[in-house]
């Protein structure tokens, strides 16, 4: 079930601005969802609504959205598990988590699993719109960024070159792609599933050690001789670049 600008009341169609930004709203409460949708449409932000996490995840995987807005307390699969699955499948669109749980520990939990922002209920509609716009700007800037920097690692995407502490890293094409994915998700776990899908373009595990071989080579080129290592293995989950403040 979804609402787009064409499905909203007639009075909104005459007052809404032209849509230039597309959002996916995953919210189980219909009244809240409708209020959010109407607020966004008035500001020229298209809103597609799903009431369950499973349906929202399917939508996120098959359609192009600029920002995903997700309630934390959803039936069946909650928002925390949904974001973990979203990130595990390689979807990097900015996520704004909404929740009645507004304590610091709750915000930390949401941000740690991959949410880009966290807004506690109740909230002002103008703040919701501002945060959605900010996430869209951030996501667009990252998508068009020719250089990615994390700590003393620097990647030039157009030239496909990488450096650590100013020293050129001689990476193979696959090693470059692996490092790029790790850089785009710095501080978060990159699973084997993400590596297979995004780097090797496979949606199944070929039961080979191709990932392990490339990660061993990348670790040697990236970390040996540079003091503190960046690349770490998260047992049973995958790999990650340590957060910049940890080195």
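Derivation of every value follows stated rules applied to the coordinates shown; laboratory data play no part. Nothing here was measured: the structure is a model prediction, and the numbers come from that model. Counting neighbours? That spans all protein chains shown, and the Cβs are built from the backbone with ideal geometry, glycine included.
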*Hey, got the Cα dimensions of segment 130-200 along the principal axes, in Å, largest first?*
42, 30, 21
*asked:* Quick check on the exposure proxy: order 112, 223 from fewest to most C-beta atoms within 10 angstrom.
replied: 112, 223
*Could you give the angle, 0 to 90 degrees to the nearest 10, between helix 30-42's Cα long axis and the longest principal axis of the Cα atoms of the chain?*
80 degrees
*Computed lengthening from residue 103 to residue 30, 0.36 nm per intervening residue step minus Cα-Cα distance*: 23.8 nm
*If you take the square roots of the eigenvalues of the alpha-carbon gyration tensor of segment 74-151 and sort them as a ≥ b ≥ c, do you get rounded (a/c under 1.5), prolate (a/b over b/c) or oblate?*
oblate
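Name the shape class, rounded, prolate or oblate, that the alpha-carbon gyration tensor gives for the chain, where a ≥ b ≥ c are the square roots of its eigenvalues, rounded holds for a/c under 1.5, and otherwise prolate holds if a/b is larger than b/c and oblate otherwise. Write out the running numbers ahead of the final one.
Values: a/c = 2.14, a/b = 1.99, b/c = 1.07.
The shape class here is prolate.
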*Kindly state, to the nearest 0.05, the FRET efficiency for residue 203 paired with residue 137, given R0 = 25 Å and r defined as their beta-carbon distance.*
0.20
*Under a point spin-label approximation (7 Å from Cα along Cα-to-Cβ), what is the residue 81-residue 160 distance to one decimal in nm?*
4.1 nm
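Per DSSP H run of at least 4 residues, take -39500 (n - 2.57); add these up for the chain, divide by its residues and hand me the 222 nm value, nearest 500 deg cm²/dmol.
Roughly -12500 deg cm²/dmol at 222 nm, from the helical runs in the chain.
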_I need 155, 183 ordered by Cβ neighbour count within 10 Å, fewest first._
183, 155
*For segment 22-63, calculate the relative contact order in percent as a whole number, restricting contacts to Cα pairs under 8 Å that are 6 or more residues apart.*
49 percent
*In degrees from 0 to 90, rounded to the nearest 10, what is the angle of the helix 210-223 Cα long axis to the longest principal axis of the chain?*
70 degrees
*asked:* If packing is taken as the average number of other Cβ atoms within 10 Å across a peptide's residues, how do 64-73, 130-139, 161-170 rank, most packed first?
replied: 64-73, 130-139, 161-170
*What fraction, in whole percent, of alpha-carbon pairs in segment 147-246 exceed 16 Å separation?*
53 percent
*From the square roots a ≥ b ≥ c of the eigenvalues of the alpha-carbon gyration tensor of segment 170-210, which class results: rounded (a/c under 1.5), prolate (a/b over b/c), or oblate?*
oblate
*asked:* I'd like the orientation of helix 125-143 relative to the chain: the angle between its Cα long axis and the longest Cα principal axis, in ° from 0 to 90, rounded to 10.
replied: 30 degrees
*Alpha carbon centre of segment 182-247 versus segment 88-142: separation in Å?*
25 Å
